[in-house]
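Asker: Here it is, the structure, as structure tokens.
The values are calculated or read from the model by the stated rules, or taken from the named source; none is laboratory data. Predicted model only: the values in this text are computed from it and were never measured. Cβ sites come from the backbone with ideal geometry, for glycine too, and all protein chains shown count toward neighbours.
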């Protein structure tokens, strides 16, 4: 049985697909314990033909799947979870790539510690890097805030560390396949599927290991969800954490103070992004729903979160939150 399954969903990514898959293949060497699943979600740009060509170039390395009709990213990932055989799952978007040495380092961590979840950092990948991008620290972006380079067994710290950075993407978290049992899957037909799913996965973990090095190059391109926000996407963003907030209430972590603040901050970030989209569209009818979703997700009431910002000297965060919480499209 493979120790790792790399899951790559494909939809109209022909210009970047070879570089993505090569970034995995080039790291394997003689390691036959890595399964690479590639699923075409009915691409129309020739991605399927390229997949077949690459499978011939790398015989025995790629396991190819194909949907009969386009079903979206969540459905593609869910199909691959069902087909995966590896002890660990690593979701990799087909326009991104793994950085050299990442699989070898992951193998070392797994062999030494066998954590339920391994978290890594990432690098923002742009065709044209400007000074402002360097000043933002995009060469090395942290996905977690907490203890690093050692095995930990504090589930509450795992959740707080994930939520405090707001980096909830699936590709920076390698997880045991067993954590995806009992029907945990990505929500089909919804945007912000990573935000809706990864905290629920982490809520099941008993141990984790954070590696503070970039293992993934995340390609920033114009067609991203945040670059093309709409009212439906805003609604999905504001509601993405509702299932996690409900599940957390039954967990011993529900009273963890750092986690409560981190979840409230993430709810506030989601509210700000969603309200901006609603205001640009003049969508008066959704503003109250966005605020209700914040209240249901956040363990802190708006006044409590405002006080927490003041106590920590986070003036700009407080100002931004209050401005958009009270905004009227």
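Asker: Looking at the stretch 153-170, which of its residues are crowded, with 22+ Cβ neighbours inside 10 Å and under 27 Å from residue 97 (Cβ atoms)?
Answerer: 158, 161, 162, 163, 168, 170
Asker: Mind counting the residues in the stretch 65-94 that are surrounded by fewer than 19 Cβ atoms within 10 Å (Cβ to Cβ) and more than 14 Å from residue 5 (Cβ to Cβ)?
Answerer: Of the residues in the stretch 65-94, 6 are surrounded by fewer than 19 Cβ atoms within 10 Å (Cβ to Cβ) and more than 14 Å from residue 5 (Cβ to Cβ).
Asker: Which of (1) modelled with pLDDT of 95 or more; (2) surrounded by 14 or more Cβ atoms within 10 Å (Cβ to Cβ) is the odd one out, the single condition residue 125 does not satisfy?
Answerer: For residue 125, the exception is condition (1).
Asker: Follow-up. Could you check, for the stretch 220-236, whether at least one of its residues is within 30 Å of residue 100 (Cα to Cα) and in contact with a strand residue (DSSP E or B) (Cβ under 8 Å, 6 or more places away or on another chain)?
Answerer: Yes, because at least one residue in the stretch 220-236 is within 30 Å of residue 100 (Cα to Cα) and in contact with a strand residue (DSSP E or B) (Cβ under 8 Å, 6 or more places away or on another chain).
Asker: If we keep just the residues of the stretch 210-246 that are exposed (fewer than 15 other Cβ atoms within 10 Å of the Cβ) and assigned to a helix (DSSP H, G or I), which is modelled with the lowest pLDDT?
Answerer: Looking at the filtered set, the residue picked out is 226.
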